[in-house]
Amino acid sequence: MIYLLTFIPEKNLQKIEILSYTWPDVEYKTFKVISYDYFIWIDSVKNAQNIRPILSAYNKITFKSIDPTDSIYLHFIKGFYVVPYWTDTVKNNLIIDSIKFFHNGNYEPFNYYTPGDTLIIVKFLSTINPNDSFRVEIYYHGITNRAGSSFGGGLDLKQNDIVYADNEPFGLRRWLPSFDLPYEKVQKLDAKIKTKIGWKTIANGKLIDSIIDGNWITYHYVESHPIAPYLIVFASSPQFTVQTQTWNYNFISMPIYHYLGPNNNSPSLYLPNQLTIFSDKYGIYPFYDEKYAEVQIFQGFFGGAMENQTNTFTIATNYEILSAHELSHHWWGDMVTCATFKDIFINESFATYSEAVYDESNLGYGDYGNNRGYMGQIHGDINRYLNYGDYNKPIYNPGPSLGDVFDGNITYSKGSAVLHALRLLFRVIYNDSATGDNKFFEALRYYGNKRKFSYARIIDFENDIKEFLNLENKDSSIGYFFNQWIFKPGHPQFQFLISKNFNGSTYDFYIKLNQNQPNNWARFKIPKYPIRIKFSDNSQIDTTINIDSLSSQTFYFNFTKEPTTLIPDYPNHYIDQTSVAIIPENEFIYIKIKDNKLKLSIPRSGNYELKIYNSSGRIVFNKNLEVNKNAIEIPLNLPKGIYFIEIRGNLTYKSKIINF
């Protein structure tokens, strides 16, 4: 999903205060939904409420029992309902005509309840054994009537010349009895939509046939791949004109359909190239045996686009980056779906990052201005977050409202920049940019194949990336990356303090790095963080430092010419805020440990206490020092490993050190 007008999605979402809603988690059930077989007949004439009634509808739902099952429940909003996560109300008047229950091919008695007009609970008179299949059929009619925001509002029957569904996050339950949580993918979807002759209809999957019955026509579509509930849609209009392209890729020849609204002759001509680019990067388009369609929702739509499986619904066509974003969702969102909306990173961060991936293949890696090119897209994401983002929102579970989950500056822009940072980490792990980039996309394909046509939580993505690195015999201890960038809020706020000293022949150059983030943010670890150092003769070098998750660190360089300037994060790869200041030499403590010797330079005279702790926090070395500005060398008898050093006196110092 993306918003077309601003490309900062939360800007189009009214700021509202929702304090108590909790996005549902994956829950244990004794049953699994296997398939939906639905039919809906929509009147051609509006009623007194200016709504087209649903004359008749059903959903025949096949289940499989996992454990002994004596009841099932489904989501279905029959009447009035106040949406808890948004400023929206549902004013339906849907009447259940009948419910039927079949087990072992036989109709069996049962009881059912509709508590709160939001659920259907079917209670069986006997228990169904594990692995048994059974079917519940629900027949109904009436009207769906959305109020407030049209965002994810279900079935829109109000417009003059179009009927369409828009369901994310929980709109399917507003018009179709279903298990309406994103992780509950049905394995097969059979859809029959009956409208007035002259109306063209498109739905998920492949068109099987269309049957004329007097003045009515029924379109029959089948989606043969697993599909999440919120992606189940159709659109029908007498104003559609249809254009077709063909995508050819290796052995594949697949149709691309463009359902265009009135006075529109501009389909998205970028799509064949985009399909090829993403198939090369992520693996073959997952629904190549069906279709891809671009469907213009020209009345009543919320102002952007939505990646409904095999059909992108969009308010406007032929927007290059919008087209790339929505198409990429068919890998990241449709093929692999967020398990919960707390994990929306799985969908929207990936699709936003895919805008950069597309530009890299199409234009190049650089920043070409106007947020184009790979780094142009990444810089745009970084700047949007830093300029507009709520820094105290984490990417995982950013808040209880729809505006939190679809906050464009957090879920979209920051999430995209974090995936770029993961790509940079792969370059470090493989010690080569080109190899790291190739392995990064190989890891994404590994994750995609493992979760194909299923769901994923962010922790699943993290575990799959670690598993990939293990298979590659690479260091997989990267849990810190996900914790600092995704599970915690904020970003690095680095203060660089620099000092230089001419020692008679060369220049000692000291960098003290302080991490000044609030306490509820992470202390960031960034290996091979890029810096640029400039010199008095106008030359410069690009090098790196290894930033650890410490409040303060010190780095030392020695140069034959005078350093004058430090530029952190060159050339702007990370989400960070940095400052650089020069401090006098007598404010800087320098430490180096090698060959079990501690070399120590403390520029202020006085008495100091030196403590060294092991990784368990136990003091393994303790010494009082009398300092007179001379360098000190202290022999140690410590095993190789990681230690923490603390110095207290006229100056203080804390850091992590490695004895090697």
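The values are calculated or read from the model by the stated rules, or taken from the named source; none is laboratory data. All values reported here derive from a predicted model rather than from experimental measurement. Here the Cβ is made from the backbone with ideal geometry for all residues, glycine too, and neighbour counts use every protein chain on show. Please note that ligands, DNA and RNA were not included when accessible areas were found on the heavy atoms of the full protein model with its side chains. Shrake-Rupley method; radii C 1.70, N 1.55, O 1.52, S 1.80 Å.
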Margin query: Return the residues of the range 639-649 that are assigned to a strand (DSSP E or B) and in contact with an Asp or Glu (Cβ under 9 Å, 6 or more places away or on another chain); say none if nothing qualifies.
Written below: GLU646, ILE647, ARG648
Check: Residues of the range 613-638 being part of a strand (DSSP E or B) and open to solvent by 30 Å² or more (accessible area, probe 1.4 Å), which ones?
Finding: TYR613, ILE619, VAL620, PHE621, ASN622, LYS623, ASN624, GLU626, ILE632, GLU633, PRO635
Check: Can you pull out the residues in the range 291-315 that are buried (at least 24 other Cβ atoms within 10 Å of the Cβ) and of a type in the set (D, E, K, R)?
Finding: GLU294, GLU307
Notebook entry, point to check: Only one of ILE429, ILE459, ILE410 is of a type outside the set (S, T, N, Q) and closer than 16 Å to LYS525 by Cα; which?
Noted result: ILE429
Note to self: If I filter the range 249-258 down to residues being touching a strand residue (DSSP E or B) at 6+ places or on another chain (Cβ under 8 Å) and within 19 Å of ALA324 (Cβ to Cβ), which single residue comes out as surrounded by the most Cβ atoms within 10 Å (Cβ to Cβ)?
What the structure shows: HIS258
Next item on the list: Return a yes/no flag: does the range 582-598 have any residue that is farther than 30 Å from PHE426 by Cβ, modelled with pLDDT of 90 or more and surrounded by 13 or more Cβ atoms within 10 Å (Cβ to Cβ).
Entry: no
Note to self: When you scan the range 481-490, do you find a residue that is without any contact (Cβ under 8 Å) to a residue 12 or more places away in the chain and on the phi < 0 side of the Ramachandran plot, even just one?
What the structure shows: no
Check: Which residue, of TYR570, TYR480, is in contact with a strand residue (DSSP E or B) (Cβ under 8 Å, 6 or more places away or on another chain), of a type in the set (Phe, Trp, Tyr) and open to solvent by 40 Å² or more (accessible area, probe 1.4 Å)?
Finding: TYR570
Check: Pairs under 9 Å by beta carbon, first residue small (Gly, Ala, Ser) in the range 219-232, partner not in a loop (DSSP other than H, G, I, E, B), six or more apart or different chains?
Finding: SER224/LYS188; SER224/LEU189; SER224/LYS206; ALA228/VAL186; ALA228/THR337; ALA228/CYS338; ALA228/TYR455
Checklist line | Criterion violated by ASP280 - all others in (1) closer than 23 Å to LYS450 by Cα; (2) among the acidic types (Asp, Glu); (3) open to solvent by less than 40 Å² (accessible area, probe 1.4 Å) satisfied | finding: (3)
Note to self: I'm checking my understanding of the structure. Among residues of the range 483-502 that are aromatic (Phe, Trp, Tyr) and assigned to a helix (DSSP H, G or I), which one is surrounded by the most Cβ atoms within 10 Å (Cβ to Cβ)?
What the structure shows: TRP485
Checklist line | Subset of the range 24-40 (residues that are of a type outside the set (D, E, K, R), outside any strand (DSSP E or B) and in contact (Cβ under 8 Å) with a residue 12 or more places away in the chain) | finding: PRO24, VAL26, THR30
Checklist line | Test set (1) acidic (Asp, Glu); (2) within 30 Å of LYS414 (Cα to Cα); (3) not in a strand (DSSP E or B) - ASP537 fails condition number | finding: (2)
Notebook entry, point to check: Which of the residues that make up the range 542-568 are in contact (Cβ under 8 Å) with a residue 60 or more places away in the chain and either of a type in the set (S, T, N, Q) or farther than 15 Å from PHE502 by Cα (or both)?
Noted result: ASP548, SER549, LEU550, SER551, SER552, GLN553, THR554, LEU566, PRO568
Note to self: So, in the range 189-206, exactly how many residues are more than 15 Å from ASN308 (Cα to Cα) and touching a residue at least 24 places away in the same chain (Cβ under 8 Å)?
What the structure shows: 9
Notebook entry, point to check: Out of curiosity, is ASP542 at pLDDT 95 or above, under 18 Å from ARG427 (Cβ atoms), open to solvent by less than 60 Å² (accessible area, probe 1.4 Å) and not basic (Lys, Arg)?
Noted result: no
Check: Hey, among ASP156, ASP70, which residue is of a type in the set (D, E, K, R) and out of contact with any Asp or Glu (no Cβ under 9 Å at 6 or more places or on another chain)?
Finding: ASP70
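Residue by residue, here is whether (1) open to solvent by 40 Å² or more (accessible area, probe 1.4 Å); (2) within 18 Å of LEU550 (Cβ to Cβ); (3) small (Gly, Ala, Ser) holds:
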| site | (1), (2), (3) |
| --- | --- |
| SER605 | yes, no, yes |
| LYS611 | yes, yes, no |
| LYS640 | yes, no, no |
| PHE644 | yes, yes, no |
| LYS656 | yes, yes, no |
Item checked: Odd one out for ASN93 among (1) touching a residue at least 60 places away in the same chain (Cβ under 8 Å); (2) among the polar types (S, T, N, Q); (3) within 25 Å of THR201 (Cα to Cα) -> (1)
Notebook entry, point to check: Of (1) surrounded by 14 or more Cβ atoms within 10 Å (Cβ to Cβ); (2) hydrophobic (A, V, I, L, M, F, W, C); (3) under 22 Å from ASP180 (Cα atoms); (4) at pLDDT below 95, ILE51 satisfies all except one. Which?
Noted result: (3)
Check: Of (1) under 30 Å from ASP25 (Cβ atoms); (2) part of a helix (DSSP H, G or I); (3) open to solvent by 40 Å² or more (accessible area, probe 1.4 Å), LYS452 satisfies all except one. Which?
Finding: (2)
Check: Right, GLN245: under 19 Å from MET1 (Cα atoms) and surrounded by fewer than 23 Cβ atoms within 10 Å (Cβ to Cβ) or not?
Finding: no
Item checked: strands (runs of 3 or more DSSP E) enclosed by the range 74-138 - at least 1 residues per element that are of a type in the set (D, E, K, R) -> 88-91, 93-103, 119-128
Notebook entry, point to check: If we scan the range 380-387, do we find a residue that is among the acidic types (Asp, Glu) and more than 18 Å from PRO571 (Cβ to Cβ)?
Noted result: no
Notebook entry, point to check: Does PRO530 meet the test of being in contact with an Asp or Glu (Cβ under 8 Å, 6 or more places away or on another chain), under 23 Å from ILE410 (Cα atoms), in contact (Cβ under 8 Å) with a residue 12 or more places away in the chain and surrounded by 16 or more Cβ atoms within 10 Å (Cβ to Cβ)?
Noted result: no
Next item on the list: For the range 65-78, state whether one or more residues are surrounded by fewer than 15 Cβ atoms within 10 Å (Cβ to Cβ), within 22 Å of LEU189 (Cβ to Cβ) and touching a strand residue (DSSP E or B) at 6+ places or on another chain (Cβ under 8 Å).
Entry: yes
